[in-house]
Structures are given as C-alpha cells and as structure tokens.
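First the structure, in the form of structure tokens, and then the observations on it.
Where a number appears in this text, it was derived from the coordinates with a stated rule and is not lab data. Quick caveat: nothing in here was measured; it's all calculated off a predicted structure. Glycine also receives a Cβ, built like all others from the backbone with ideal geometry; neighbour counts cover every protein chain displayed.
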Amino acid sequence: MREIAQGITWMLGQGLDCNVFIIESEGESLMIDSGLGGRMNFGFGDQKRSIKILEEAIIHRKITQVLLTHGHIDHVGGIMALQSKLELDVITSEIEAQHLKSGDSSYIEPFMASTCSPIEISQEVFEGDVIHIGNFSFEVLHTPGHTHGSISLWDKKNRTLVSGDTVFPQGSFGRTDLRTGNSKDLVESLRRLSELEIQVLLPGHMSPVISTSGSPLGSVKQSFQNARMMLTHF
Ligand SMILES: [Zn+2]
C-alpha cells in the first residue's frame, strides 16, 4: 500500500485481483473498488491476507464509502465479504447496481459456478453526477463496453482518471467478451476518454501512471487507436 500522489493511495492487485485506490482529502475518504475478497482460491497471492489488509485499511483510515467501477468479482468481492461486518456506503452505477443487488452470479463471477450474495447499494450514480471528496471532484462518466454499466471517474482539476476495466496503461483496454460486453461501445468509450488531458491514470489492473513531464499521457489515445483497429471491422 503506498501513496502515489497527494491523497491517493494504491493497493496493488496481484494476479487477477484488481487495484484498490483510497482517495483522502480534508477528512473525507473514498475507496475505489474492493478486490476479490478471498473469493477465488486459485493460486494468485494470499487471498485471506488481502481481505485482512483491506479490512484494516477501512477501519484505520475510517473509510465509510466505497465506489465500484463495475460489478465483476475481482472488483466487488471485498465488499461482498465485508459488508455485513462494516458500515460502508456502496456507490455504483444504476445499471451495475441491478446485478449487484440481486446477486446475479453469472454476471458478477463469470468464470466460476459459485453463488454470489447480493450487495446492498446505498447510492446509484449516473453520467454527469459529481462525487466530492475534499479537494477532489470526480465526475461520473458512463463508459460502457467492458460491461454495460461500467463507470470511470474524471477529476478535471487534478487531471485524474479512474478507469476501472475500460482502459489500462500501455495502450491496452478491457475485454468485451463477458456478459453485456460490447466492442463498439468500448471503442466509443475509449474515444471519449482519449479526448481528456489525463495526467494521472488509475486503472483497475496494471500499475497506475503519472505524467512526470507535466504533459498529458498519450497512452489512452493509444488504447483507443489499438481498440479501434482490433475491435472494429469497418
Ligand atoms: Zn471487469
């Protein structure tokens, strides 16, 4: 766990697990995504340990709200495991919320046949909503493609993008072959994100990237170009 920029702490997602970010500013905090939470027991990292680390981070940093970028198990498993134990407000898009509230197992965990328990959602957000955390103001961008209700968060002032599984560093991007995935939508979402002047990229997997030169990162434009080439046939 380390602070990668002022007010932004990164918990590395090992193996299939996702990155967890903690945003803290002026006494307010928000956790972004929650990892697998010990749901998958095949050989990537020590899951029991990772749920303990997550729980301790929530308690020690007095985190009261968690935003889920989308409903896949590697992002929501931690909350599924901890919700009954801790007082946490869970925020996600209105579309993803429908799957999470009903415990839609084949949507949440497409790889395994195990059952997912429902997750209580406190706040359903939409395109254009703004989430304020101290000095951070995150605008909700609906960026479908990886799933139909995937959201990204854009803080224009700090030029910071939370991208979930829509866009990754080094020109890569999220898969579109799972339930509600859609290549055309993903390319369109990437086109939109490629127009932002991003200096801090906080992706769902791989390492976060921070521009050191002061100029915007070029990798999201690259992701858009690559996706357009690989996913569209016109
Ligand atoms: Zn995903």
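Tabulated data for the structure shown
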| quantity | calculated |
| --- | --- |
| Added length on full extension, which subtracts the Cα-Cα distance from 0.36 nm per residue, E195 to K156 | 12.8 nm |
| Inter-label distance, nm, simple model (7 Å from Cα along the C-beta direction), T232/D104 | 2.7 |
| Förster-model FRET efficiency, 35 Å R0, S137 and L16, C-beta, rounded to 0.05 | 0.65 |
| Peptides ranked, highest mean first, by Cβ atoms within 10 Å: ranges 69-81, 186-198 | 69-81, 186-198 |
| Rounded to whole Hz, the Karplus (6.51, -1.76, 1.60) HN-Hα couplings of region 145-161, x for glycine and proline | x, 6, 9, 5, x, 4, 10, 10, 10, 10, 9, 5, 5, 8, 6, 10, 10 |
| Burial ranking of peptide ranges 207-217, 158-168 (average Cβ count within 10 Å, highest at the top) | 158-168, 207-217 |
| The chain - charge dipole about Cα centre, Lys and Arg +1 at Cβ, Asp and Glu -1, debye rounded to 20 | 600 |
| Peptides 27-35, 126-134, 50-58 ordered by average Cβ neighbours within 10 Å, highest first | 27-35, 50-58, 126-134 |
| Taking region 56-137 and dividing mean pair separation by its residue count, relative contact order in percent (alpha carbons under 8 Å, at least six apart) | 28 |
| Computed label-point distance, nm, for sites K62 and S114 using a 7 Å Cα→Cβ extension | 3.4 |
| More than 26 angstrom apart: percent of Cα pairs within the chain | 31 |
| Extended-chain gain in nm, criterion 0.36 nm per residue less alpha-carbon gap, S172 and K85 | 27.7 nm |
| Cα-based equivalent ellipsoid of region 2-128: semi-axis lengths in Å, sorted from largest, via gyration tensor | 21, 18, 12 |
